[in-house]
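A.B. asks: Sharing a structure with you now.
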Amino acid sequence: MTQSLYEKIGGEAAVNAAVDIFYRKVLADDRINKYFEGVDMEKQAAKQKSFLTFAFGGPNNYSGKDMREGHKHLVEKGLNDSHVDAVIEDLGATLKELNVPDELISEVAAIANSVRDDVLNR
Amino acid sequence: MPVITYDKQLYQCADGETVLQCLRRHGVSIPSSCESGVCQTCLMQGIRGKPPALAQQGLKDTLQVQHYFMACVCVPEEEMEVVLAGADITHLLEVEVLGKEPLSDDILRIYLKPAEPFDYKPGQFINLYRPDGLVRSFSLASLPQREEPLELQVRVLPGGRMSTWIQDEMSVGDKLAIKGPVGDCFYVPGKPQQNILLVGTGTGLAPLWGIVRDALDQGHTGQIHLYHGSYTADGLYLVDELRALERAHQNFIYMPCVDEAGAAEAGDATIGRADLVALTAIPDLKSWRIYLCGHPDMVAVMKKKAFLAGASLSDIYADPFVYSATDNASKADS
Ligand SMILES: Cc1cc2nc3c(=O)[nH]c(=O)nc-3n(C[C@H](O)[C@H](O)[C@H](O)COP(=O)(O)OP(=O)(O)OC[C@H]3O[C@@H](n4cnc5c(N)ncnc54)[C@H](O)[C@@H]3O)c2cc1C
Ligand code: HEM
């Protein structure tokens, strides 16, 4: 049986290893950190785990509609392509730090990219 | 199949059904999002029966021991009574005031005896009810395993409604009501070698005094560094007790800190804000466990700084002493 992308990256353990690194990068990234400065860091981290699970091709029940609704309030605050690019870049850097091979990183970036229009509500 | 009790109603789970699916099938709406056990939107708490481990994966240990779980991945193995996370599951309990003594010019130590057995973890807090209904939160500094009476450490604020009442009117022998325990800021055994940093300002020392002694009692072997911050040297209390604890335990270090303004009387305390002094001393907090209690601004800023300094978010426990609004409402969330 062939392994799924999620399994190749390392499944839930990989999500857990990635979330702190990714969240630190996002908080330090002036291009996008204003969107993540929620008062409740735990809740933010849980949402980021959902993001990572989704991008790793892991189990989730998100629809395009969920992505639209989930980011609508951010689009109203000016979310655009440059922010999606920044998120995908931080995601790639996170995976690099975890020694994930480049071809898998490209697959992850492609999944994130595939919902770009939904995230940006267009 | 197990029966789920929610809001006083009984619901029969079908084979393999999750708590979320079962409640939803019966027309009960529970907030949810990812529905795959990650985003924690459907967080609930079991108040009877134990959730399966799978439904608790990724939750903070202090939530796990209080039987929090994610409804979307909880296929119950036994009968459970469940509530939404954050629901008030405590009831009023009578306490008798056993003692009241000064710890400093404006800090009082209060001892309370509950009328019934009261189970809590040092560092959690209670809501204290004044007879006219005014409510304030106070942290528990005592250790239940030593059968100590409940201990509170209360700063008397000029014009503070509850705290001046405690100072001027509340007497030994009085009967009051409390609700609790509440809160996720306490010691959980299981990683005895992990280093622990605790930073508290003012009476933020109260929960930390409980947590430090609890950790030592439970045989914690990693380093335990306590930074206590105060505007003035007079606000440093329990100094002798903490120094004694330091002598008794090689792995415990106590660092009192006083703001610039109080520098003249600082004695052997370090000058500077406790959170900054701690970060300078320990710039890399990777794999440390962190406890932050007291001033809400210090707690919020230090939480972020500790995370950026390498601590994992799941290892940071925080208890901001949020002040009540000017009305009579209580502020019990943390
Ligand atoms: C989870 C939690 C745990 C807590 N644990 C403790 C504890 O262990 N010990 C303890 O002493 N307190 C603790 N507090 C704070 C406590 O609940 C009350 O807010 C505090 O005692 C003041 O209540 P009061 O009725 O005397 O003052 P209020 O009548 O409510 O306030 C009087 C005025 O003082 C201001 N004020 C309130 N607090 C401060 C402050 N710290 N510094 C400067 N101005 C202030 C208010 O804005 C208000 O204008 C805790 C709070 C929370 C949320
Ligand atoms: C690149 C594609 C993206 C994907 C696949 C994605 C996916 C997700 C997912 C799955 C969630 C959790 C939703 C929930 O369960 O509530 C989420 C939340 C969130 N996303 Fe994205 N996201 C993307 C891009 C972005 C960008 C570019 C930003 C901002 C720069 C952003 C900011 C947020 C924020 C702030 C939340 C939390 C919202 C809240 O707290 O309600 N996302 N995202």
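The values are calculated or read from the model by the stated rules, or taken from the named source; none is laboratory data. These numbers were taken from a predicted model, which means no experiment stands behind them. All Cβ positions, glycine included, derive from the backbone under ideal geometry; neighbour counts span all protein chains shown. Just the protein is used for accessible areas: all its heavy atoms, side chains included, with ligands, DNA and RNA removed. Shrake-Rupley method; radii C 1.70, N 1.55, O 1.52, S 1.80 Å.
A.B. asks: Ignoring ligands, DNA and RNA, what percent of the accessible area of the range B:1-143 is carbon or sulfur (1.4 Å)?
C.D. replies: Using a 1.4 Å probe with all protein chains present, the range B:1-143 comes out at 49 percent carbon and sulfur.
A.B. asks: Can you give me the Rg/Rh ratio for the range B:3-84, using Cα atoms for both radii and the Kirkwood formula for Rh?
C.D. replies: Dividing the radius of gyration by the Kirkwood radius yields 0.91.
A.B. asks: Taking 7 Å along the Cα-to-C-beta vector as the label spot, tell me the B:Met1-B:Asp297 distance in nanometres, rounded to one decimal.
C.D. replies: According to this spin-label approximation, the distance is 5.5 nm.
A.B. asks: Which lysines, if any, have their Cα less than 20 Å from the Cα of B:Lys50, not counting same-chain residues under 8 positions apart?
C.D. replies: Partners within reach: B:Lys8, B:Lys60, B:Lys121.
A.B. asks: If you don't mind, another one. What's the center-to-center distance, using Cα atoms, between the range B:1-63 and the range A:20-45 in Å?
C.D. replies: 28
A.B. asks: With chain B treated as a Gaussian network of Cα nodes joined by springs under 10 Å, which of B:Thr62, B:Thr280, B:Thr164 yields the largest mean-square fluctuation?
C.D. replies: Sorting by GNM fluctuation, first place goes to B:Thr280.
A.B. asks: For the range B:27-157, state what percent of all Cα-Cα pairs lands in each successive 10 Å bin, counting from 0 Å until the bin that includes the largest distance.
C.D. replies: In order of increasing distance, the bins hold 11, 33, 25, 21, 9, 1 percent.
A.B. asks: Then there is this: Can you tell me which of B:Ser33, B:Ser312, B:Ser171 moves the most in a GNM of chain B? Springs connect C-alpha atoms under 10 Å apart.
C.D. replies: It is B:Ser33.
A.B. asks: Return the FRET efficiency for the residue pair B:Glu241, A:Lys96: r is the Cβ-Cβ distance, R0 is 56 Å, and the value is rounded to the nearest 0.05.
C.D. replies: 0.70
A.B. asks: Can you give the accessible area per residue of chain B, in Å², using a 1.4 Å probe?
C.D. replies: Counting only protein heavy atoms, the per-residue value for chain B is 44 Å².
A.B. asks: Shifting gears a bit: Run the numbers on the range A:5-119 and let me know its relative contact order in percent, using alpha-carbon pairs under 8 Å that are six or more apart.
C.D. replies: It comes to 37 percent, rounded to a whole number.
A.B. asks: Can you give me the relative contact order of chain B as a percent, contacts being Cα pairs under 8 Å and 6 or more apart?
C.D. replies: Once divided by the residue count of chain B, the mean separation gives 13 percent.
A.B. asks: Take the range A:1-95, compute every pairwise Cα distance, and split them into 5 Å bins from 0; I just need the percent in each bin.
C.D. replies: Binned Cα distances yield the sequence 2, 12, 22, 25, 22, 11, 4, 1, 0.
A.B. asks: For the full complex of protein chains and a 1.4 angstrom probe, list A:Lys65, A:Lys72 by accessible area with the highest value first.
C.D. replies: If we order A:Lys65, A:Lys72 from most to least accessible, we get A:Lys65, A:Lys72.
A.B. asks: If you don't mind, there's one more thing I want to ask. Can you give me the C-alpha center-to-center distance between the range B:218-283 and the range B:127-159, rounded to a whole angstrom?
C.D. replies: The two parts, judged by their Cα centres, are 23 Å apart.
A.B. asks: State the three equivalent ellipsoid semi-axes of the range B:196-320, derived from the C-alpha gyration tensor as the square roots of 5 times its eigenvalues, in descending order and whole Å.
C.D. replies: 20, 18, 12
A.B. asks: Where the eigenvalues come from the Cα gyration tensor of the range B:81-199, what are the semi-axes √(5λ) of the equivalent ellipsoid, largest first, in whole Å?
C.D. replies: Square roots of five times the eigenvalues give 25, 19, 14 Å.
A.B. asks: Shifting gears a bit: What accessible area, in Å² to the nearest ten, does a 1.4 Å probe give for A:Ile9?
C.D. replies: Around 20 Å² of this residue is reachable by solvent.
A.B. asks: Provide Rg and Dmax in Å for chain B, with only Cα atoms included in the calculation.
C.D. replies: In Å, with Rg to one decimal and Dmax whole: 21.2, 70.
A.B. asks: Gaussian network model of chain B, Cα springs within a sub-10 Å range: biggest mean-square fluctuation belongs to which of B:Pro181, B:Pro52, B:Pro149?
C.D. replies: B:Pro52
A.B. asks: Please list B:Tyr291, A:Tyr62 from largest to smallest accessible area, probe radius 1.4 Å, with all protein chains kept in place.
C.D. replies: A:Tyr62, B:Tyr291
A.B. asks: Can you give the alpha-carbon Rg of the protein assembly as shown over 2.2 N^0.38 Å, where N counts its residues?
C.D. replies: Normalised Cα radius of gyration, the protein assembly as shown: 1.06.
A.B. asks: A further question on this structure: Ordering A:His71, B:His26, A:His83 by accessible area with a probe of 1.4 Å, largest first, what comes out?
C.D. replies: Of A:His71, B:His26, A:His83, the descending order of accessible area is B:His26, A:His71, A:His83.
A.B. asks: Then there's this: Estimate the FRET efficiency between B:Glu265 and B:Val65 by the formula 1/(1 + (r/R0)^6), using the beta-carbon distance for r and 30 Å for R0, to the nearest 0.05.
C.D. replies: Approximately 0.10, to the nearest 0.05.
A.B. asks: For B:Arg25, what accessible surface area do you get with a 1.4 Å probe? Give it in Å², rounded to 10.
C.D. replies: Its heavy atoms expose roughly 130 Å² to the probe.
A.B. asks: Still on this structure, I have one more. So what are the ³J(HN,Hα) numbers for the range A:61-70, from phi and the Karplus equation (6.51, -1.76, 1.60; θ = phi - 60°), rounded to whole Hz, Gly and Pro as x?
C.D. replies: Once θ is set to phi - 60°, the couplings for the range A:61-70 become 10, 7, 10, x, 4, 4, 5, 4, 5, x Hz.
A.B. asks: Note the full-extension length gain between B:Asp284 and B:Thr232 as 0.36 nm times their separation in residues minus their Cα-Cα distance, in nm to one decimal.
C.D. replies: Extra length from B:Asp284 to B:Thr232 when fully extended: 15.9 nm.
A.B. asks: While we're here: Give the interface area between chains A and B as buried accessible surface, both sides summed, probe 1.4 Å, in Å² to the nearest 100.
C.D. replies: 1600
A.B. asks: Now for a different question. Among B:Val83, B:Val95, B:Pro2, which residue has its Cα positioned farthest towards the positive end of the charge dipole of the protein assembly as shown, with +1 placed on the Cβ of Lys and Arg, -1 on the Cβ of Asp and Glu, and the dipole taken about the Cα centre?
C.D. replies: The listed residue farthest towards the positive side: B:Pro2.
A.B. asks: Enter the accessible area per residue of the range A:24-86 (Å², integer; probe 1.4 Å; all protein chains in place).
C.D. replies: I get 53 Å² per residue for this part.
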